[in-house]
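Data first, discussion second: the structure below is written as structure tokens.
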Amino acid sequence: MREDSITVLIPAYNVATYIGACLDSLINQTHTRWQCLCLDDGSQDATAALLAGYAQKDPRIRFFSQANQGVTRTLNALLDAMAEESEYFFFLDADDYIHPQALEILHAQIVKTRADVVECAIVRCRAEPPASFHARYADVAGCAGEMILDMDRYLLRRTAAPRFWINKCNKLYRTQRLGALRFSEELAFEEDYFYALQSCLILKSKCIVPLPLYFYRVNPTSQTGSLDVAKYQRITANRVRLSYEYFVQGQRLPAGYRAEFMQDLARDAFRMILRKSLRKCADAKLRVALFFRASEILRDYVRDGIVVPSDLGALARLTLWAARRKYYLVCRLLVIVA
């Protein structure tokens, strides 16, 4: 293991428009003890050629390619390739970029606090970098972070700061603690959620640095931006059931967190399986078919105790009631109004 070194993991698929800005932000880091593993997942544009060009220019960048396998298998392949040769690792999505001092600040905090993970704030952006990207934090050693030693307590209060929780990419991980964790290959969307919660159950400590160091690009051509609604409904329905079976039935959650987790699960099921299908599907015929599929899924989830209607707000509860009775027009109106 290379002491104090960071491995940056970048899965890439059809990101020729954005990969340059992503890698430039990495090359321009004030912390220079890093290596980058880039895996192209069978891109059909110029992504692979651009990655190969960057790898030729900077020996710290290593480029691999594979036939298309999907994001979770790509992430797992990167983790396998990393092994334990770096003390820390960091996920960076190929259409995002990071502040020039991101690795320096996160590294300084993980060394100072001895935390298992250090995370920063995320900024959503579109084209030009926001003002916070150009900020300079000269006193790196003086950048204060909130240290969390009771992870059970963190889970109970984490909804107060969701931007610090659901994303894999705004964190510097200690390899010795989390290097063996892998993504569920049954998920092609919402894979961050499952990984993030699993990591929270493994961690002994976490440090939160409230500085905007990770910039999430709202990319209309990304997997979430160009949404296949039918595929999304199928995979997210699977994520809800897997989450219930793994965390609740598997009794892997702290006892005090189960009620809040069930509330989150009910809200996620309503939002991802029903509401998004009715709001995001432009094809009227497909939208009706997805509604009836959602009705069956949610009926089964209520029956099996995966979704508890009382965990939803009043309007969502009413919409769920109408969905279970297959009142399409009522549900369509309710999700438009909501």
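The values are calculated or read from the model by the stated rules, or taken from the named source; none is laboratory data. The structure presented is a predicted model; accordingly, all values stated were derived computationally and were not measured. Cβ: placed from backbone, ideal geometry, glycine included. Neighbour counts: every protein chain shown.
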**Prompt:** Looking at (1) exposed (fewer than 14 other Cβ atoms within 10 Å of the Cβ); (2) modelled with pLDDT under 95; (3) part of a helix (DSSP H, G or I), which is the only condition M272 fails?
**Reply:** (1)
**Message:** When the residues of segment 94-136 are narrowed to those that are small (G, A, S) and within 29 Å of A48 (Cα to Cα), which ends up modelled with the lowest pLDDT?
**Reply:** A127
**Request:** Evaluate the following for L265: is it closer than 18 Å to P309 by Cβ, in a helix (DSSP H, G or I) and under 17 Å from the mean Cα position of the chain (by Cα)?
**Result:** yes
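Conditions (1) out of contact with any Asp or Glu (no Cβ under 7 Å at 6 or more places or on another chain); (2) surrounded by fewer than 17 Cβ atoms within 10 Å (Cβ to Cβ); (3) at pLDDT below 75, marked per residue:
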position	(1), (2), (3)
G142	yes, yes, no
I148	yes, no, no
M151	yes, no, no
L155	yes, no, no
L172	yes, no, no
A180	yes, yes, no
A188	yes, no, yes
L197	yes, no, no
**Message:** Just checking, does segment 257-264 include any residue being out of contact with any strand residue (DSSP E or B) (no Cβ under 9 Å at 6 or more places or on another chain) and over 30 Å from L203 (Cα atoms)?
**Reply:** no
**Asked** Would you call R241 out of contact with any Asp or Glu (no Cβ under 6 Å at 6 or more places or on another chain) and within 23 Å of A314 (Cα to Cα)?
**Response** no
**Request:** Taking only segment 118-144 into account, find how many residues are of a type outside the set (K, R) and not in a loop (DSSP other than H, G, I, E, B).
**Result:** 11
**Request:** Sort out which residues of segment 32-50 are among the hydroxyl-bearing types (S, T, Y) and within 23 Å of the chain's Cα centre (by Cα), and write them in order of number.
**Result:** S43, T47
**Prompt:** Of the residues that make up segment 245-261, is at least one at pLDDT below 95, surrounded by 16 or more Cβ atoms within 10 Å (Cβ to Cβ) and of a type in the set (D, E)?
**Reply:** yes
**Request:** Working only within segment 175-207, note down all residues that are free of Cβ contacts under 8 Å to residues at least 24 places away in the same chain and in a helix (DSSP H, G or I).
**Result:** Q198
**Item:** Which listed residue, of S295, S277, S310, is in the same structural domain as Y244 (by TED's automatic domain parsing), loosely packed, with under 14 Cβ neighbours inside 10 Å and part of a helix (DSSP H, G or I)
**Value:** S310
**Request:** Return yes or no: is A52 surrounded by fewer than 20 Cβ atoms within 10 Å (Cβ to Cβ), part of a helix (DSSP H, G or I), in contact with a strand residue (DSSP E or B) (Cβ under 7 Å, 6 or more places away or on another chain) and modelled with pLDDT under 95?
**Result:** no
**Prompt:** Quick one: how many residues across segment 104-128 are within 13 Å of L172 (Cα to Cα), among the charged types (D, E, K, R) and over 21 Å from the mean Cα position of the chain (by Cα)?
**Reply:** 2
**Request:** Would you please list the contacts, defined by Cβ atoms under 6 Å and residues six or more apart or on different chains, that run from a residue in segment 58-71 that is within 14 Å of V8 (Cα to Cα) to a residue that is of a type in the set (F, W, Y) and not in a loop (DSSP other than H, G, I, E, B)?
**Result:** I61/Y54
**Message:** Here are the criteria: (1) closer than 19 Å to R177 by Cβ; (2) surrounded by 19 or more Cβ atoms within 10 Å (Cβ to Cβ); (3) not basic (K, R). Tell me which single one M82 does not satisfy.
**Reply:** (2)
**Item:** Of residues in segment 73-93 being hydrophobic (A, V, I, L, M, F, W, C) and under 27 Å from C143 (Cβ atoms), the one modelled with the lowest pLDDT
**Value:** M82
